[in-house]
1. Using only Cα atoms, find the angle between the long axis of helix C:58-85 and the longest principal axis of chain C, and express it within 0 to 90 degrees, rounded to the nearest 10.
2. Averaged over C:36-44, how many beta carbons belonging to a partner chain fall within 10 Å of each residue's beta carbon?
3. Got a sec? How would C:Lys93, C:Lys46 order by Cβ neighbour count within 10 Å, fewest to most?
4. How big, on average over all directions, is the shadow cast by the Cα convex hull of segment C:71-152, in nm²?
5. Could you tell me the relative contact order of chain C? Use alpha-carbon pairs under 8 Å, at least six residues apart, and round to a whole percent.
6. Please compute the average number of Cβ atoms from other chains found within 10 Å of each residue's Cβ in peptide B:70-81.
7. Which ordering of B:Ile80, B:Ile6, C:Ile155 is given by a fewest-first count of other beta-carbon atoms within 10 Å?
8. Roughly how crowded by other chains is peptide C:93-103, in terms of the mean Cβ count from those chains within 10 Å of each of its Cβ atoms?
Amino acid sequence: MFLVATIALLISIIFILLRLYFSETLFDRVLAVNAFGTIAVVLIGVVGFLSNRPDFLDIALLYALINFLGTIAILKYFRYRSIGDINDISQNSSGEN
Amino acid sequence: MEIFEILLNVLSWIFVLVGSFLMVLGAIGILRFHGFWARLHAASVIESGGMIFLLAGMCLQAGDFLIFFKLAFIGLFLFITGPTSTHALASAALLDRSKPKKESN
Amino acid sequence: MKNVILSFTILLGTWLLLSGVYKTLIIAFGLFSVILTIFFVRRMDKFDRYQVKFDIRFFKFIGYFIWLLGEIAKSNIQVIKTILQGDKNINQKMFYKKTTQASDIGKVIFANSITLTPGTISVSIEGGDILVHSLNFKETDLDGLSEMDKRITNIEVSK
């Protein structure tokens with residue numbers, strides 16, 4: 001059962017990597033990386049079940065945290081050109097609440 | 001007890017197969033659609049449907065409360081952060097695109 | 001004080017359930033980090049007075065969650081149909097949707113629910129309106145969104 005899931009996840013990773021290679025804009029790449037991260041979290045869990053090592057779930061949890069933070073940090077940099085404190089939000093933001 | 005175990009196995013087979021199917025379809029959608037905004041919707045199939053079904057299938061095979069809790073924790077975390085990062089991505093991409101006229105309905 | 005006890009219980013419970021090692025030393029580490037976390041959070045509260053209120057009815061929220069899972073399944077089928085047919089004939093549209101929630105947390109739940117159901121994505125929140133992008137826009141989608149809006153307003157604690 002988990003072998004089927006692993007193969008399916010690897011096939012979807014190949015599709016997403018193709019999209020990453022043939023991407024048109026910057027945001028396409030961020031989208032592909034974000035979807036890749038979600039699939040990678042599930043793949044780590046599935047491989048843990050496949051090899052009977054439930055410790056892998058800790059790594060999956062950690063990867064989920066890093067994936068979220070990484071996406072948010074990249075997008076924040078695109079938007080405000082700074083990862084740290086933003087002092088002049090009122091100049092840049094348009095409708096962000 | 002025998003019947004119960006068979007039922008559990010069948011159910012988790014169904015969940016895992018449906019989840020894998022949704023994952024592959026979402027990836028095909030990301031590859032196939034034209035334009036960033038359509039691809040965003042294909043990615044949300046991966047982030048909601050595929051993730052929920054695969055984690056539910058794994059939960060049924062857990063057999064230990066701690067493993068079940070970890071899976072549920074991962075699921076809850078992805079359930080909250082997935083839409084948040086999609087929203088951040090859409091909101092950042094909105095700067096490149098003109099907004100529609102404001103008329104609520 | 002009530003908040004401190006609540007967060008202490010939740011954090012320590014999370015530690016115990018995630019670690020799975022019940023030795024004295026490890027539990028002591030857990031207690032130490034929980035107390036440190038609560039100390040830091042209290043200290044941060046002194047700098048900005050912005051408090052996030054979580055004014056929702058818990059049991060109604062569980063009911064809403066189950067309803068939302070059904071909606072996610074339904075809209076997944078719609079998007080899969082679109083993926084299989086290709087995107088030649090789809091009608092992408094961006095529109096504003098009015099919200100009726102009073103609190104911030106209600107709006108956050110609404111926007112996150114819109115994004116969770118494939119086919120619609122909340123792009124930005126501007127005051128009382130949410131900018132929604134729809135993959136294949138039909139007039140009936142607006143009714144679905146209005147029902148979701150009504151259900152979320154229902155789980156809020158009314159003042």
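1. So the helix axis and the longest Cα principal axis differ by about 40 degrees.
2. 0
3. Fewest-to-most Cβ neighbours within 10 Å comes out as C:Lys46, C:Lys93.
4. 5.1 nm²
5. Numbers: 134 pairs, mean separation 37.4, N = 159.
Taking the mean separation of contacting Cα pairs over the length of chain C, I get 24 percent.
6. Whole-number average of other-chain Cβ neighbours for B:70-81 is 6.
7. B:Ile6, B:Ile80, C:Ile155
8. Per residue, the average neighbour count from other chains is 2.
A short reminder: the numbers here are calculations on the coordinates, not readings from a lab. These numbers come from a predicted model, not from an experiment. Cβ sites come from the backbone with ideal geometry, for glycine too, and all protein chains shown count toward neighbours.
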